Amino acid sequence: MQIMRKTSKREPDFGKDKIMSILLRLSPPVMLAQLIQALYNLIDSYFVGSYSESGLTALSIIYPLQLLMIALAVGTGVGINTLMSHFLGIGDRKKSDETAGVGTPLACAIWFAFAVICWFIMPFYADISTETKQIAQEVVVYGRIVCVCSFGIFFESVWTKILQATGNMKIPMVAQIVGAIVNIILDPIMIFGFGFIPKMGIAGAAIATVIGQSTAAVIVMFKGLKKPPKLSKFGHYIKRIYHLGFPNILMQSAYTFYIFGLNLILKTFSDQAVTVLGLYYKWQSLVFIPLGAMQTCIVPVISYNYGAGMFDRCRKTLKDSVLLGTTIMLIGVLAFELIPTQLLMTFSSDSAVISIGTTAFRIIGTSFIPLVTSLIYPVYFQAIGSAFKSSMLTILRTVVLLVPLGIIFAQIGLDFFWLTFPCTEIITTIVGFSLYKFEKRKMILHNNS
């Protein structure tokens with residue numbers, strides 16, 4: 001018997017409402033929050049770039065570590081979100097609440113471990129990432145502040161996913177918007193100084209970042225902080241949380257290692273080439289908002305329907321999310337093909353950065369359409385509990401393809417290096433589609449048995 005959860009006007013019914021209607025209801029708040037976050041990243045880079053070109057390069061170098069931090073925080077939250085949605089799908093509210101209760105202690109533990117490790121490794125990381133002493137010093141300063149004081153992003157990510165598991169997208173949206181606005185306001189004040197606040201340069205940008213993250217965490221805390229279960233139950237829930245969340249952690253943390261690897265490859269050409277890759281990821285955060293929203297929204301919907309045995313709705317969710325993502329991503333393609341120089345000049349006046357980046361952006365832009373499916377397929381497999389397939393696609397894309405292809409294309413020349421991106425997304429999409437067809441046949445056989 002299908003068990004339906006209670007719904008209200010504020011929460012869509014994952015098992016009954018039309019899939020497109022659910023996505024269109026859930027996505028806008030997530031997109032708006034991610035838009036503000038993306039604008040924060042862009043504005044942050046703008047002010048740092050106005051302060052110094054070396055600071056802009058330092059941000060590009062520290063970006064992989066920030067992605068690793070996000071991977072641990074969001075991946076843990078996704079595991080909690082997916083397990084909660086599964087329990088809600090089978091009608092077990094108590095276990096869903098207990099799963100939520102594990103979130104806060106877990107967030108505290110992973111933040112502490114991450115902070116300690118980053119403090120000690122930061123000088124070594126800076127030294128292997130650049131040969132320019134000033135840039136290395138700025139990497140250490142910025143990196144230690146944003147990584148050691150990152151408790152805000154760990155708590156905010158977990159509490160946000162707890163709320164999203166029940167369809168509450170509005171409070172997380174408000175939290176991320178307010179946090180980003182606080183960050184944006186503080187950026188110029190902290191970087192250049194204002195009144196009694198001294199000029200702090202790149203350290204000021206880092207301080208503004210962690211204050212914004214902490215502000216967002218406080219907003220979601222009031223609804224996301226749940227009573228933990230008995231200590232004896234923690235091990236069981238943590239094991240299941242990371243079974244479901246590990247693919248997301250792997251996918252996000254793989255970004256860290258492949259961007260770090262690509263930075264090392266580009267370092268052999270010039271610091272400006274490294275800066276171009278960093279600027280690409282800044283603009284990518286804006287262009288990929290619809291895709292990021294789809295990834296966030298489809299996990300609880302698919303997990304709920306899969307737990308309830310409604311496999312047709314799982315496939316429909318995948319189809320509709322790909323359709324929406326692809327349609328909107330066309331805007332990104334046009335922007336990267338038609339105005340790459342203008343995008344680059346927003347942050348840098350360095351002629352070498354503009355020259356390298358114009359070619360790079362036009363080539364990378366061709367990867368945006370196949371990238372939709374290469375990123376959504378792993379999320380789909382994660383949501384139905386197929387961690388192996390999800391992880392396999394992530395490893396294929398980030399370990400087997402991106403850096404090795406980058407090394408190969410770099411041997412031909414810097415302009416050819418950027419072909420790494422479209423080639424990677426096309427291959428990953430083909431493999432993901434093959435795995436999906438296999439999984440679809442399994443579901444059909446299950447329905448007929």
- Message: Go through the range 280-301 and report how many residues are of a type in the set (A, V, I, L, M, F, W, C) and out of contact with any helix residue (DSSP H, G or I) (no Cβ under 6 Å at 6 or more places or on another chain).
- Response: 1
- Note on the structure: Counting only residues that are under 24 Å from the mean Cα position of the chain (by Cα) and more than 13 Å from Q66 (Cα to Cα), the range 126-139 contains a total of 2
- Task: Please go through the range 94-144 and pick out each residue that is at pLDDT 90 or above, among the acidic types (D, E) and surrounded by fewer than 20 Cβ atoms within 10 Å (Cβ to Cβ).
- Result: D127
- Out of S21, S50, report the one residue that is modelled with pLDDT under 85, over 22 Å from T166 (Cα atoms) and surrounded by fewer than 23 Cβ atoms within 10 Å (Cβ to Cβ). S50
- Residue check: is I444 modelled with pLDDT of 95 or more and more than 23 Å from the chain's Cα centre (by Cα)? no
- Given the structure, is F192 among the aromatic types (F, W, Y) and free of Cβ contacts under 8 Å to residues at least 60 places away in the same chain? no
- Query: Of the residues G406, G432, which single one is more than 30 Å from I356 (Cβ to Cβ) and of a type in the set (G, A, S)?
  - Reply: G432
- From L83, L67, grab the single residue that is touching a Leu at 6+ places or on another chain (Cβ under 7 Å) and either assigned to a helix (DSSP H, G or I) or within 19 Å of A165 (Cβ to Cβ) (or both). L83
- Item | Answer residue from the range 192-243, given it is assigned to a loop (DSSP other than H, G, I, E, B) and surrounded by fewer than 14 Cβ atoms within 10 Å (Cβ to Cβ) and is nearest to the chain's Cα centre (by Cα) among those | K227
- Pick out the one residue from T130, T215 that is closer than 23 Å to V74 by Cα and hydroxyl-bearing (S, T, Y). T215
- Taking the range 146-170 only, how many residues are more than 24 Å from D44 (Cα to Cα) and either of a type outside the set (D, E, K, R) or modelled with pLDDT under 85 (or both)? 11
- Message: Whether any residue in the range 338-351 is crowded, with 24+ Cβ neighbours inside 10 Å and either out of contact with any Lys or Arg (no Cβ under 9 Å at 6 or more places or on another chain) or of a type in the set (K, R) (or both) is what I want to check.
- Response: yes
- Task: Could you identify the single residue in S214, S232 that is touching a residue at least 40 places away in the same chain (Cβ under 8 Å) and either over 22 Å from L344 (Cβ atoms) or acidic (D, E) (or both)?
- Result: S214
- Does any residue in the range 38-56 that is within 13 Å of A206 (Cα to Cα) come within less than 6 Å, Cβ to Cβ, of a residue that is in a loop (DSSP other than H, G, I, E, B) six or more places away or on a different chain, and which pairs are these? S45/F347
- Item | Condition met for Y306 (crowded, with 20+ Cβ neighbours inside 10 Å, of a type outside the set (A, V, I, L, M, F, W, C), out of contact with any Leu (no Cβ under 9 Å at 6 or more places or on another chain) and assigned to a helix (DSSP H, G or I)) | yes
- Query: Across the range 304-334, what is the number of residues that are touching a helix residue (DSSP H, G or I) at 6+ places or on another chain (Cβ under 7 Å) and farther than 14 Å from Y377 by Cα?
  - Reply: 12
- Query: Among the residues of the range 273-290, is any over 17 Å from A360 (Cβ atoms), in contact (Cβ under 8 Å) with a residue 60 or more places away in the chain, touching a Leu at 6+ places or on another chain (Cβ under 7 Å) and in a helix (DSSP H, G or I)?
  - Reply: yes
- Task: Report, by residue number, each residue of the range 257-280 that is among the hydroxyl-bearing types (S, T, Y) and crowded, with 20+ Cβ neighbours inside 10 Å.
- Result: Y258, T275, Y280
- Inside the range 352-364, the number of residues satisfying the requirement of being of a type in the set (G, A, S) and surrounded by fewer than 24 Cβ atoms within 10 Å (Cβ to Cβ) is 2
- Search result, residues across the range 382-401 that are crowded, with 24+ Cβ neighbours inside 10 Å and touching a residue at least 60 places away in the same chain (Cβ under 8 Å): Q382, A383, S390, T394, R397
- Note on the structure: All-but-one check, I189 against (1) more than 20 Å from the chain's Cα centre (by Cα); (2) under 30 Å from T358 (Cβ atoms), failing number (2)
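The values are calculated or read from the model by the stated rules, or taken from the named source; none is laboratory data. In this text, all values refer to a predicted model and were calculated from it rather than measured experimentally. Quick reminder, even Gly has a Cβ in these numbers, built from the backbone with ideal geometry, and neighbours come from all protein chains shown.
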